[in-house]
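S.K.: I have a structure I would like to understand better, so I am pasting it below and will then ask my questions one at a time.
The values are calculated or read from the model by the stated rules, or taken from the named source; none is laboratory data. Quick caveat, the model's predicted, so the values are computed rather than measured. Using ideal geometry, Cβ is built from the backbone for each residue, glycine included, and neighbour counts are taken over all protein chains shown.
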C-alpha cells in the first residue's frame, strides 16, 4: 500500500483519536499546572438568627478581575505533583531523615493520600487480576463441558455479576454484610462473636472489596475464554487423545497455549480496569480503610464549592502513567512475539 | 369591540388586584425558578409561595434535590442564571457568595418584608444576603427508660456524664454500644469534631487570616473526647450518617444519640418505630464539656437567597413570592416540620433539643469563606486517629497540612 493511501485510510480514526483522546489529555495536563488565583479576602461582620460573628468573605469583584486576566489560573508548574496531596517529596525527605527503620518510614508513607491510595490500588490490581483470569478460565472450561441444553441458561446466569451495575451490586452486598444482614449475621454466628464487623476492620474491608471485584469481573474473562474455547482445533485435541494425553494434559498442552493471546488481552484489560477501581469503595462506604487513585480524583472534585481542578488533573495524569507502567511488561512481550513471528 | 376589550382588561386587573390584596407578588408575568434541598420544611415554604403567586407569574418551577449543593454554583454562574432563587443554609450561602452569585436584599426587604422578624435577616457586612426561615442543629436524644434501668440519675449534661452513662448502660448489660453518632468518613466526622471543638471553646482560624489554628490543646482535648465517645458507638460508626443513625434509633438499638434536630419529628412520629422507643425518646440540649458552658453543636439556619444574574423584575417577583409564604398561617399548618423562625411557631417536643441548644449559647456553623476546605480536611484526616493508628497531635497536624495544600491551590493562602 502506498503511504499516502494508508494515511488517507487512517485519517478518520486518527482525527477522532486526536479529538477525543489527545486533546482532553493535553487539556487535563495543562490544567494540572495551574492553581486558582489568590482570593481577595476581606474581614466581615456576619449576623444570623443566633448572633453576630467576625468572619471572612471573598471580595468577589477584585477576585473576578484577577480571573479575567488569566482564566486558566496562576501558573504553578509541577508543584501540584510534588505537594502533599501527591508525591509529597518534601514531606518524604523529612520522614526519611526522622525514621530510624524502614518500617517506620513505610508507616509514615502511609500517611500521605497518594501512597495510601496506591497501596490499596496496587494490592487490589495484583490480587484481583490473577484470580479473575484463573477462575474465569475454570468456569469457561466447565461450561464448555456441559450438555448443550444447560449451556444457554448457565452462560446467562454466569454473566449476571457483570450485568448488575457496580454501584448497585456493591450496595446490595454492603447491606448483606451488615451486622443485621444475611452474611454479616451468619458470620457472627459461625465465629460466635457479636461484635464481628466486616465494615469496621481494615483487613476485612480489603478482603470484602477484592472478593466483590473478583465476583464482578469474572464474567468478562469467562466469556472471552469461552469464545476462545470454541476455536480450539478439534483435530489437535483428537490427536492428543490418541497419543494418550489425559484431560488435564490436553488442557495444559493444547488449550492453554491456544488461548494465550486471549489471556494477554484479558490481562491488559483487567489491569487497566482494576487500576481504576472506584465504585465498590463508594458503594461499601469504605473510604476509612481503603482509597484508590480514582477515588482521589473524585474526592478532589467532590466539593463543588472548592473543586481542586489542578489536583484532580495531576492525579489523572498519574493514573495514566500508572496504567502505562503496568501495561509495559505485557506490551513489550507482545511486541517481541510479534517481531519473532515476522522473522520466521 | 374596544369597549368590550376595555371591560375585559378591567376585569383582569380587578382579578390581579384582588390577588395582590391576598399576597403581594410583585411584578406580574415574571418567571420564578427555585432550586432547593428536599425536606418537608422547604416544601412547605415553596408550596405557600406557589399557591400565593404562581397565578401572577409566567412560570413557577421548583427543583427539589438533595444534591442542590453540588449543582448550585454551576447553575447560577451563567447570565441569566438557571434559577432565580436558591434556598441555602449557612455553608451554602458562603459557597454562593464566594462566587458572587447572590444579591443584597435590603431594598426588597423594605418593599416586601414588613412581616419578617429582624432575626430572620442574615447580614454580611451590614447587607442583607438571605432571609432565614428555620433553624437546625445537632443535639442529644436519649431513652428515659434505658437510662433509668441502668441507674443513671438525671439527664447527662456534659460529655463526661454521657460517657459514664454509656458505661453504666454497658455494665448493666443492656447494650454493648449504646451511642449513635453521625461519624461517616468525610463531612459527617468532620462536623462531629467541629461541634466538640466549639464546645471546648476552640477557634478554627487565626483572627483575620485564612491560616488554620486547630492543632492546639483544645483540638487535642476535643479529639480525646471524641475517641472516648466512639468507644461506645456502634462498630460500623465510620460508615453511618443521618439515615443510618435514625434507623438504629428507631430500631431501639441505641440509648443516647447525637443527631440532627430535623430528625426529631421523623423519629417521634408513629411511623418506622415502636411505641416503646418513641414514648421514651426525649430530645435535649447538646452536652457541654465539664465546667464549660457552650453546647457541643453548630447552629444552622435555612433561608432564601436571590440570584445575582437575573433581571431585577424576576428577582423582585421571586423574592415577593417566597416571603409571601413566610406567614404564621403557613407555620400553623406545618408546625412540626421544622424549628420555624417565623412568628406563630409553637415549639413541640421535636423542637425541644434545638431550642435548648440554641438557648444554651451554641455557636453557628462558621461562615468563613475557606471553612469548607478545613471541613474537608478534617473529614479525611481524623479517621486515622479514631481507628487508633495515629496520635491526636499527628492527626491535627495532618489536617492542617492537608488544609494548607488545598487552600493554597484554591487561592485562600
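S.K.: Just checking, which of B:248, B:238 is touching a residue at least 24 places away in the same chain (Cβ under 8 Å), in a helix (DSSP H, G or I) and touching a strand residue (DSSP E or B) at 6+ places or on another chain (Cβ under 9 Å)?
M.R.: B:248
Residue-wise test of (1) surrounded by 22 or more Cβ atoms within 10 Å (Cβ to Cβ); (2) in contact (Cβ under 8 Å) with a residue 60 or more places away in the chain; (3) not assigned by TED's automatic domain parsing to the domain that holds residue B:380.
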residue: B:173; (1), (2), (3): no, no, no
residue: B:189; (1), (2), (3): yes, yes, no
residue: B:195; (1), (2), (3): yes, yes, no
residue: B:204; (1), (2), (3): no, yes, no
residue: B:215; (1), (2), (3): no, yes, no
residue: B:222; (1), (2), (3): yes, no, no
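S.K.: Name the residue, out of B:88, B:102, B:109, B:94, that is under 17 Å from residue B:124 (Cβ atoms), touching a helix residue (DSSP H, G or I) at 6+ places or on another chain (Cβ under 9 Å) and surrounded by fewer than 21 Cβ atoms within 10 Å (Cβ to Cβ).
M.R.: Answer to the check: B:109.
S.K.: Here's something else I'd like to know. Of the conditions (1) at the interface with chain A (Cβ under 9 Å from one of its Cβ atoms); (2) in contact with a helix residue (DSSP H, G or I) (Cβ under 7 Å, 6 or more places away or on another chain); (3) more than 21 Å from residue B:198 (Cβ to Cβ); (4) in a helix (DSSP H, G or I), residue B:373 clears all except one; give me its number.
M.R.: (3)
S.K.: Identify the single condition in (1) modelled with pLDDT of 90 or more; (2) more than 20 Å from residue A:297 (Cβ to Cβ); (3) facing chain B (nearest Cβ under 7 Å) that residue A:15 does not satisfy, given that it satisfies every other one.
M.R.: (3)
S.K.: Quick one: which of B:292, B:265, B:272 is on the phi > 0 side of the Ramachandran plot and surrounded by fewer than 23 Cβ atoms within 10 Å (Cβ to Cβ)?
M.R.: The match here is B:272.
S.K.: Something else about it: Which ones in the stretch A:177-194 are surrounded by fewer than 12 Cβ atoms within 10 Å (Cβ to Cβ) and either modelled with pLDDT under 85 or not assigned by TED's automatic domain parsing to the domain that holds residue A:285 (or both)?
M.R.: Answer for the stretch A:177-194, where residues must be surrounded by fewer than 12 Cβ atoms within 10 Å (Cβ to Cβ) and either modelled with pLDDT under 85 or not assigned by TED's automatic domain parsing to the domain that holds residue A:285 (or both): just A:193.
S.K.: Right, something else. With the condition kept exactly as written, say whether any residue in the stretch A:315-324 is within 14 Å of chain B (Cβ to nearest Cβ) and either closer than 21 Å to residue B:378 by Cα or assigned to a helix (DSSP H, G or I) (or both).
M.R.: Taking every residue of the stretch A:315-324 in turn, at least one turns out to be within 14 Å of chain B (Cβ to nearest Cβ) and either closer than 21 Å to residue B:378 by Cα or assigned to a helix (DSSP H, G or I) (or both).
S.K.: Looking at this structure, is residue B:101 touching a residue at least 40 places away in the same chain (Cβ under 8 Å) and more than 9 Å from chain A (Cβ to nearest Cβ)?
M.R.: Judged against the criteria, residue B:101 is not a match.
S.K.: Same structure, new question: With (1) out of contact with any helix residue (DSSP H, G or I) (no Cβ under 7 Å at 6 or more places or on another chain); (2) over 26 Å from residue B:337 (Cβ atoms); (3) at pLDDT 90 or above as the list, and residue B:28 as the residue in question, which single condition is left unmet?
M.R.: (1)
S.K.: Just checking, how many residues over the stretch B:393-413 are more than 9 Å from every other protein chain (Cβ to nearest Cβ) and over 28 Å from the mean Cα position of the chain (by Cα)?
M.R.: Of the residues in the stretch B:393-413, 2 are more than 9 Å from every other protein chain (Cβ to nearest Cβ) and over 28 Å from the mean Cα position of the chain (by Cα).
S.K.: With the requirement that a residue be within 12 Å of chain A (Cβ to nearest Cβ) and surrounded by fewer than 19 Cβ atoms within 10 Å (Cβ to Cβ), what does the stretch B:74-85 give you?
M.R.: B:74, B:75, B:77
S.K.: One residue is enough: does the stretch A:53-61 have a residue meeting the conditions surrounded by fewer than 14 Cβ atoms within 10 Å (Cβ to Cβ), at pLDDT below 90 and out of contact with any helix residue (DSSP H, G or I) (no Cβ under 7 Å at 6 or more places or on another chain)?
M.R.: The answer is yes, given that some residue of the stretch A:53-61 is surrounded by fewer than 14 Cβ atoms within 10 Å (Cβ to Cβ), at pLDDT below 90 and out of contact with any helix residue (DSSP H, G or I) (no Cβ under 7 Å at 6 or more places or on another chain).
S.K.: Those residues that are assigned to a loop (DSSP other than H, G, I, E, B), more than 7 Å from chain A (Cβ to nearest Cβ) and in contact with a helix residue (DSSP H, G or I) (Cβ under 6 Å, 6 or more places away or on another chain), I need them from the stretch B:355-369; list them, please.
M.R.: The answer is B:365, and nothing else.
S.K.: Quick check on this structure: which one of A:209, A:167 is crowded, with 19+ Cβ neighbours inside 10 Å, within 14 Å of residue A:285 (Cβ to Cβ) and touching a residue at least 60 places away in the same chain (Cβ under 8 Å)?
M.R.: The match here is A:209.
S.K.: Taking residue A:239, is it more than 18 Å from residue A:322 (Cβ to Cβ) and crowded, with 16+ Cβ neighbours inside 10 Å?
M.R.: It is false that residue A:239 is more than 18 Å from residue A:322 (Cβ to Cβ) and crowded, with 16+ Cβ neighbours inside 10 Å.
S.K.: Sort out which residues of the stretch A:271-314 are crowded, with 22+ Cβ neighbours inside 10 Å, away from chain B (no Cβ under 14 Å) and over 14 Å from residue A:114 (Cα atoms), and write them in order of number.
M.R.: Of everything in the stretch A:271-314, those that are crowded, with 22+ Cβ neighbours inside 10 Å, away from chain B (no Cβ under 14 Å) and over 14 Å from residue A:114 (Cα atoms) turn out to be A:274, A:277.
S.K.: Now for a separate question. Would you mind stating whether residue B:148 is under 23 Å from residue B:301 (Cβ atoms) and assigned by TED's automatic domain parsing to the domain that holds residue B:378?
M.R.: Against the criterion (under 23 Å from residue B:301 (Cβ atoms) and assigned by TED's automatic domain parsing to the domain that holds residue B:378), residue B:148 does not qualify.
S.K.: Within 24 Å of residue B:391 (Cβ to Cβ) and within 14 Å of chain A (Cβ to nearest Cβ): which single residue out of B:220, B:230 fits that description?
M.R.: B:230
S.K.: Same structure, new question: In this structure, does residue A:197 turn out to be assigned to a loop (DSSP other than H, G, I, E, B), assigned by TED's automatic domain parsing to the domain that holds residue A:283 and under 32 Å from the mean Cα position of the chain (by Cα)?
M.R.: Answer is yes for this residue.
S.K.: Here's something else I'd like to know. On the given criteria, is residue B:327 in the same structural domain as residue B:47 (by TED's automatic domain parsing) and surrounded by fewer than 19 Cβ atoms within 10 Å (Cβ to Cβ)?
M.R.: Taking the combined requirement at face value, the residue satisfies it.
S.K.: I've got another one for you. Just name the residue that is nearest to residue B:99 (Cα to Cα) out of those in the stretch A:45-80 that are more than 12 Å from every other protein chain (Cβ to nearest Cβ) and part of a helix (DSSP H, G or I).
M.R.: A:68
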